[in-house]
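Asker: Sharing a structure, written as C-alpha cells. Questions coming.
The values are calculated or read from the model by the stated rules, or taken from the named source; none is laboratory data. What you are looking at is a predicted structure, and each value in this text was computed from that prediction instead of being measured. Here the Cβ is made from the backbone with ideal geometry for all residues, glycine too, and neighbour counts use every protein chain on show.
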Amino acid sequence: MILVRTIILLSLTSLFATFNLGVEGTVCVDQYDPKADNTGVCQKGLNHGEAVQNVEMDQSIVQTAEGKLRGCIRHTLDGEEFYGFLGIPYIKPALGDLRFKAPQPPEPWIGIRDATKVGSPVFHKETFTKSFLGSEDGVNLNVYTKKPIPQGSKLNPVMVFIHGGGYHEGRNGPDTLGPEYLLTEDVVLVVINYRLGILGFLSLEDPSLQIYGNAGLKDQLAALKWVKRNIKNFGGDPDNVTIFGQSAGAASVEYLVASPAAKGFFHRAIFQSGSVGSFWAPGQRFAKSLLQFLGKGSLSDKEALQYFKSLSARELYDVMDNFTKSIPSRTLGLLGPIEEIPNDTAFITKHPLQHILTGDYNKVPIMMGYTSNEVICLSSEIMADQGKSFVDNFDIEFILNAMVGIEKGSETSKKYIQRIKETYKMPNGEINKYLVLSDLFFITGTVGCAKHHAATSDKPVYLYRMSLDAGLNIFKRLAKLDLPGVSHIDDLGYLFKNAAFPSPKNGTIEEISVRRFVKLWTNFAKYGNPTPNESDVGLIWKPLEPKQDYLFDIDRKLSLLTEIEPERMKLWREIYQLNPLTKNLL
C-alpha cells in the first residue's frame with residue numbers, strides 16, 4: 001500500500017528542540033547540549049554535590065546488576081522530592097561488529113557511575129531544527145522513582161515509555177519528557193532511547209551476517225529485560241510493568257504485544273495515537289534498492305555490510321536521506337519493523353496483524369486511543385517538509401487508489417469519492433481533509449485493532465478519544481494552530497512536563513486535566529483499570545464488550561460514548577472490504 005511516509009513521521013522531541021528552555025521545579029539542569037562531551041549537570045542526591053559519607057544509606061545510590069549508580073533529586077508538580085537516574089546504558093554499545101545487529105547485554109562497571117547527567121541521544125537529525133544530535137552510543141534509559149531503596153515489601157508499579165518519531169528520530173530527554181507529572185503518583189517511570197533510522201532498521205538477507213533487522217525494536221525489548229533484572233532496586237515491581245508509547249512508540253508497544261519474544265516482560269500496554277493497524281507502522285526491506293541507488297547494486301550482502309560499516313553515522317544518514325528524496329513523494333515508507341526470517345534473535349516473523357487477528361499475541365489489559373483530529377499538525381508551516389504540501393494538494397482519488405487499490409476513474413472510485421465528500425463535509429461546504437487523513441493514518445487502525453483485541457482476548461480493552469483543547473496541547477499551542485480538534489502529540493503535554501510550558505496553575509483546566517490524565521494512566525498501570533473507583537475522575541470507563549462499543553471521551557468534561565465515530569467508521573469499513581489486505585481491519 002502506498003503512502004507518504006513523511007506525513008506521519010512526527011517527533012515530539014524534534015518539535016521541542018526549537019525551545020532551549022530549562023526544566024522548572026528540579027535541581028537538575030538537564031538540557032542536552034549536542035556540542036558538549038558530557039551533557040547536563042545534576043546535583044548529587046541529598047548532599048547537593050558534597051561527598052557522601054555513608055554510600056549504602058544514601059538514597060541517591062542504587063545497585064544494579066551492572067554496577068552502582070548515583071542519581072539526583074528532582075521535584076514533582078506538587079513539590080515532592082523524587083530521584084532521577086539518567087543516561088543508564090542498557091545494552092553493550094552497538095559499534096564495530098555489533099553495528100546493525102541485535103543488542104548485547106550491557107557491560108559492568110567498577111565504582112559508582114554518574115547518572116546525574118542527561119545521556120546522549122541516539123544519533124539522528126531533528127526535523128524542525130535540522131540539527132544532528134547524539135551518537136551511536138546513545139542507547140540508554142532514564143529511571144525516576146520516589147524510593148530508590150525499597151521500603152519493606154511494597155514495590156511500585158513500573159511504567160516504561162517509548163517515544164515516537166517515525167523510527168528515525170526522537171529522544172528520552174527530561175526537557176521534553178519530564179517526569180514531574182507522573183511522579184505525583186506512586187509509580188516508577190522509565191523512559192528509553194533506542195536505535196533509529198538505518199542504524200536501527202537495516203536488514204540483509206544473508207543469514208550468516210546476522211543483520212536480520214528490527215534492531216531498534218530489539219533494543220526496546222532489551223530495555224524491558226533490563227527492567228526485569230534491575231527495577232526492584234529502584235523500588236519498582238518487576239511483575240507489574242506497563243509499556244506505553246506515542247505514535248511510532250505506540251506502534252512499537254503493539255509490536256511488543258504481538259512479539260513472541262516479548263512474552264512475560266510486561267503486564268499491561270497503552271497505545272497513544274498509533275497501532276500496527278496504521279498503514280505506516282510496518283517498514284520494508286530497503287537495502288537492495290538503496291544499493292542500486294548508490295550504484296552498488298552488484299555488491300553481495302557481505303560486501304554491502306562492509307560498505308555500510310565504513311560509513312560514519314552522519315554519512316549513513318546522508319545516504320539514506322538522499323535515497324529517500326530520490327523516490328517519488330508518493331511511495332512506500334522505508335524505515336520501520338519488518339517480518340524477519342526465523343533466527344535466534346527474531347523479534348517477529350510474520351505481520352503483527354496476523355498475530356492480532358488470530359489471537360496469537362501477549363494478552364494483557366490494553367488502553368488505546370487517539371486525538372480528535374490527529375493530522376491538523378500538517379497545516380502548520382513548520383511542517384512544510386513533513387507533508388503539508390500533500391494535504392494542500394489533497395486528492396481523494398489518489399488516496400483511494402494508493403491505500404485500497406481502487407482503480408482511478410472507475411465507477412467504484414467515483415462512488416466513494418462522493419461518499420467521502422458527503423461524510424466529511426463541513427458547514428462551509430468544503431471537505432474536512434485533515435479528518436479524512438486522521439482517520440486513514442491513525443483512527444481506523446486504532447479502532448480496528450481495539451476491536452480485534454477485545455474479540456480475541458479475555459483481558460479488558462479500554463478505548464479513548466482526546467477532545468480536550470487547552471493550554472497544554474503541545475503542538476497546537478507551539479504551532480499556533482487555529483483549526484478545530486486536537487493534534488497529534490497534544491496528549492503528551494498532560495502526561496509529561498515540557499520545558500516550553502510553565503507548570504499549570506492550581507484550579508485551571510490545564511492543572512485539572514493533568515491530574516485526570518495522570519490518574520487514568522497510573523490507575524491503569526496499578527490495577528489494569530483506569531477507573532477502579534468512580535471517585536477517581538467522576539466517571540467509570542467501561543471496556544469494549546463483544547456487542548457493545550464504549551469510547552471514553554477526554555474533554556473539559558469526561559463522557560462515555562456508546563458508539564465510535566459511527567458514520568466515518570462505517571464508511572471506511574465498507575471501503576476496506578474492497579482490498580484483501582485491509583478487509584479485516586475494521
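Asker: Kindly indicate whether Asp392 is modelled with pLDDT of 95 or more and more than 19 Å from Gly249 (Cα to Cα).
Answerer: Criteria not met by Asp392.
Asker: Next question, about the same structure. Among the listed residues Ile376, Ile341, identify the single one that is of a type in the set (Val, Ile, Thr) and not in a helix (DSSP H, G or I).
Answerer: Being of a type in the set (Val, Ile, Thr) and not in a helix (DSSP H, G or I) holds for just one of Ile376, Ile341, which is Ile341.
Asker: Output yes when any residue across segment 278-292 is in contact (Cβ under 8 Å) with a residue 24 or more places away in the chain, on the phi > 0 side of the Ramachandran plot and assigned to a loop (DSSP other than H, G, I, E, B), and no when none is.
Answerer: No, segment 278-292 contains no residue that is in contact (Cβ under 8 Å) with a residue 24 or more places away in the chain, on the phi > 0 side of the Ramachandran plot and assigned to a loop (DSSP other than H, G, I, E, B).
Asker: Could you tell me which of the residues Arg419, Arg477, Arg465 is assigned to a strand (DSSP E or B), on the phi < 0 side of the Ramachandran plot and charged (D, E, K, R)?
Answerer: Only one candidate qualifies: Arg465.
Asker: Scan segment 368-386 and tell me whether some residue there is modelled with pLDDT under 95, surrounded by 14 or more Cβ atoms within 10 Å (Cβ to Cβ) and either of a type in the set (Gly, Ala, Ser) or more than 24 Å from the chain's Cα centre (by Cα) (or both).
Answerer: Yes: segment 368-386 contains one or more residues that are modelled with pLDDT under 95, surrounded by 14 or more Cβ atoms within 10 Å (Cβ to Cβ) and either of a type in the set (Gly, Ala, Ser) or more than 24 Å from the chain's Cα centre (by Cα) (or both).
Asker: If you go through segment 89-122 one residue at a time, how many are crowded, with 24+ Cβ neighbours inside 10 Å and in a strand (DSSP E or B)?
Answerer: Count: 1.
Asker: Given the criterion touching a Ser or Thr at 6+ places or on another chain (Cβ under 6 Å), polar (S, T, N, Q) and more than 17 Å from Pro460 (Cβ to Cβ), identify the matching residue among Asn498, Asn506.
Answerer: So the residue among Asn498, Asn506 that is touching a Ser or Thr at 6+ places or on another chain (Cβ under 6 Å), polar (S, T, N, Q) and more than 17 Å from Pro460 (Cβ to Cβ) is Asn498.
Asker: Can you confirm whether Asp321 is under 23 Å from Phe123 (Cα atoms), assigned by TED's automatic domain parsing to the domain that holds Thr349 and more than 19 Å from the chain's Cα centre (by Cα)?
Answerer: yes
Asker: Among the listed residues Gly297, Gly336, identify the single one that is at positive phi and either touching a strand residue (DSSP E or B) at 6+ places or on another chain (Cβ under 6 Å) or of a type outside the set (Asp, Glu) (or both).
Answerer: When all the criteria are applied, what remains is Gly336.
Asker: Of the residues Gly264, Gly249, Gly236, only one is surrounded by fewer than 22 Cβ atoms within 10 Å (Cβ to Cβ) and not basic (Lys, Arg); which?
Answerer: Gly264
Asker: Working only within segment 353-372, note down all residues that are more than 27 Å from Leu435 (Cβ to Cβ) and touching a Lys or Arg at 6+ places or on another chain (Cβ under 8 Å).
Answerer: Hits for segment 353-372 are Asn362, Lys363, Val364, Pro365.
Asker: Would you point out which residue out of Tyr167, Tyr255 is in contact (Cβ under 8 Å) with a residue 40 or more places away in the chain, within 17 Å of the chain's Cα centre (by Cα), closer than 24 Å to Leu478 by Cβ and crowded, with 24+ Cβ neighbours inside 10 Å?
Answerer: Tyr167
Asker: Output the residues belonging to segment 64-73 that are in a strand (DSSP E or B) and either under 24 Å from the mean Cα position of the chain (by Cα) or surrounded by fewer than 22 Cβ atoms within 10 Å (Cβ to Cβ) (or both).
Answerer: Hits for segment 64-73 are Lys68, Arg70, Ile73.
Asker: I've got another one for you. When you scan segment 519-567, how many residues do you find that are over 25 Å from the mean Cα position of the chain (by Cα), under 22 Å from Asn473 (Cβ atoms), of a type in the set (D, E, K, R) and buried (at least 17 other Cβ atoms within 10 Å of the Cβ)?
Answerer: The qualifying residues number 0.
Asker: With the structure loaded, tell me whether Asn240 is outside the structural domain of Gly448 (by TED's automatic domain parsing), assigned to a helix (DSSP H, G or I) and touching a residue at least 40 places away in the same chain (Cβ under 8 Å) or whether it fails that test.
Answerer: It is false that Asn240 is outside the structural domain of Gly448 (by TED's automatic domain parsing), assigned to a helix (DSSP H, G or I) and touching a residue at least 40 places away in the same chain (Cβ under 8 Å).
Asker: Another question about this same structure. Hey, does segment 298-308 have a residue that's touching an Asp or Glu at 6+ places or on another chain (Cβ under 8 Å), over 27 Å from Trp280 (Cα atoms), assigned to a loop (DSSP other than H, G, I, E, B) and modelled with pLDDT of 95 or more?
Answerer: yes
Asker: On to the next question. Scan segment 215-224 and give yes if some residue there is of a type outside the set (S, T, N, Q), closer than 20 Å to Tyr90 by Cβ and in a loop (DSSP other than H, G, I, E, B), otherwise no.
Answerer: no
Asker: Only one of these conditions is not met by Lys147: (1) closer than 24 Å to Asp237 by Cα; (2) crowded, with 24+ Cβ neighbours inside 10 Å; (3) charged (D, E, K, R). Which number is it?
Answerer: Status for Lys147: all satisfied but (2).
Asker: Still on this structure, please answer the following. Quick check on Leu183: is it crowded, with 24+ Cβ neighbours inside 10 Å, touching a Ser or Thr at 6+ places or on another chain (Cβ under 8 Å) and at pLDDT 95 or above?
Answerer: yes
Asker: Say we look at segment 482-518 and pick out the residues that are among the charged types (D, E, K, R) and within 15 Å of Thr76 (Cα to Cα); which of these is farthest from the chain's Cα centre (by Cα)?
Answerer: Looking at the filtered set, the residue picked out is Lys505.
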